[in-house]
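Structure, as structure tokens:
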Amino acid sequence: MPIIDLRSDTVTQPTEAMREAMHNTPVGDDVYSEDPTVNELQAVIAEMAGFEAALLLPTGTMSNQAAIAAHTERGQEVIMPYGAHVYEYEPGALAVISGVLPRLIPAPLGVPEVEDMRAAIHRNPNQTPTGLIVLENTHNKAGGTVVSLERCHDIAEMAHEEGLPIHLDGARGWNAITALNVSLKDLCEPFDSVSLCLSKGLAAPVGTVLVGSKDFIAKAHRYRKLLGGGMRQAGVIAAAGLVAVREMLGRLGEDHARATRLAHKLVEIAGVHVNLDSVQTNMVYFNVDRQLMSAPELATAMAEQGVKCNALGPATIRLVVHYQIDDAAIDTAVSVIEGILRRNPVNA
């Protein structure tokens, strides 16, 4: 039975072009900055993003945390939207690595208000001083939702007026630029640093690229080393990243269209609830009526029929579309969910 894996866009296998590139690419020792393929990838993405420099790191968490450490001083606060990945899914790294505290701001559909962020800034010596603002685009926990360029610029302008740097967790920034129909440079322009993941929607097996000024990247480079991110002959990773940005970026709209199609099919199932306003890229979050079954029970039953997903709490399930999910997979997933819920004794 073929498996339909909707847990995340991180589950993708590298394409044949990536495998070939990884096999054939020239490599060197990246700790000495001598790997030509790493250097090429960093130069390509820095130019795409409109920044002076870039740094390849193995993971998005390491990239975000190196950025936070480079921007802040110990004992400061970092302002971020509620549900931010750097708080929810980077287990305590803010405190452990940088010695900073998070301050969470309300963010309906992942989009915070400028004045809410401004109001959270601390100057009083009796309070924890603010050191950094972080945004996330797309916003994972809100359902893959997009922050508009206008809001990004407004928040960045406010941050700079207040003398604060601003970092973008753009793990799925490629999905954001696809949804907004803008360039990567447009997305990155308001920010002082941006983290861009290659191993999610773009299907590379490993890697995140951090972009910023030369001075900032020099600081982040130190933290990459401190965190164990010196990868030696990393060109085998960078080669797949180059294929990802050159060949996979243009097809992300297909994932978004399939996610929308999936969401509209799900709302027709009794006992399933989807906020269609949240379906803006390649993710679909839905709630299942608890009197039918819990989300973990539904996820287990789906897996038994070859459809994998993530249950997020007692009532919520996340489905993520990627390049290995076609129209037939969408139809099968919907059929499996509908069949399980219809056979539930409550509905029988």
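The values are calculated or read from the model by the stated rules, or taken from the named source; none is laboratory data. The shown structure was predicted, so the numbers you read here are calculated from the model rather than taken from an experiment. Cβ sites come from the backbone with ideal geometry, for glycine too, and all protein chains shown count toward neighbours.
Among the residues of the range 206-219, the ones that are in contact with a helix residue (DSSP H, G or I) (Cβ under 6 Å, 6 or more places away or on another chain) and closer than 28 Å to Asn282 by Cβ come to 6 in all.
Evaluate the range 217-227: report whether one residue or more is under 30 Å from Glu16 (Cα atoms) and surrounded by 22 or more Cβ atoms within 10 Å (Cβ to Cβ). Steps first, answer last, please.
Of the residues in the range 217-227, the ones under 30 Å from Glu16 (Cα atoms) are 224.
Checking which are surrounded by 22 or more Cβ atoms within 10 Å (Cβ to Cβ) leaves us with 224.
Looking for residues that are under 30 Å from Glu16 (Cα atoms) and surrounded by 22 or more Cβ atoms within 10 Å (Cβ to Cβ), one finds at least one in the range 217-227, hence yes.
Across the range 258-310, the number of residues qualifying as among the hydroxyl-bearing types (Ser, Thr, Tyr) and either in a helix (DSSP H, G or I) or at positive phi (or both) comes to 3. For Ala240, the conditions (1) modelled with pLDDT of 95 or more; (2) surrounded by fewer than 17 Cβ atoms within 10 Å (Cβ to Cβ) are fulfilled apart from (2). The lone criterion from (1) in contact (Cβ under 8 Å) with a residue 12 or more places away in the chain; (2) among the small types (Gly, Ala, Ser); (3) out of contact with any helix residue (DSSP H, G or I) (no Cβ under 9 Å at 6 or more places or on another chain) left unmet by Ala159 is number (3).
Filtered by the rule that a residue be over 17 Å from Thr72 (Cα atoms), among the small types (Gly, Ala, Ser) and in contact (Cβ under 8 Å) with a residue 60 or more places away in the chain, the range 102-156 gives Ala142, Gly143, Gly144. Can we say Ala67 is assigned to a helix (DSSP H, G or I) and surrounded by 16 or more Cβ atoms within 10 Å (Cβ to Cβ)? So Ala67 fits the description; yes. Every condition in (1) hydrophobic (A, V, I, L, M, F, W, C); (2) touching a helix residue (DSSP H, G or I) at 6+ places or on another chain (Cβ under 8 Å); (3) within 24 Å of Glu189 (Cα to Cα) is met by Ala46 except one, and the failing one is (2).
Of the candidates Val236, Val206, the single residue that is more than 12 Å from Met62 (Cβ to Cβ) and either assigned to a helix (DSSP H, G or I) or under 19 Å from the mean Cα position of the chain (by Cα) (or both) is Val236.
When the helices (runs of 4 or more DSSP H) confined to the range 71-186 are screened for residues that are among the small types (Gly, Ala, Ser) and surrounded by fewer than 23 Cβ atoms within 10 Å (Cβ to Cβ), those reaching at least 1 such residues are found at 114-119, 149-161, 173-180. Within the range 42-55, residues that are in the same structural domain as Val236 (by TED's automatic domain parsing) and more than 23 Å from Arg222 (Cβ to Cβ) sit with their Cβ atoms under 8 Å from residues that are among the small types (Gly, Ala, Ser) and modelled with pLDDT of 95 or more, at 6+ positions apart or across chains, in these pairs: Met48/Ser183.
Just to be sure, is Ile337 among the β-branched types (Val, Ile, Thr), assigned to a loop (DSSP other than H, G, I, E, B) and either under 19 Å from Asp5 (Cβ atoms) or within 24 Å of the chain's Cα centre (by Cα) (or both)? No, not satisfied.
Filtering the range 253-273 to residues that are touching a Ser or Thr at 6+ places or on another chain (Cβ under 9 Å) and either surrounded by fewer than 20 Cβ atoms within 10 Å (Cβ to Cβ) or in the same structural domain as Phe51 (by TED's automatic domain parsing) (or both) leaves only Gly253.
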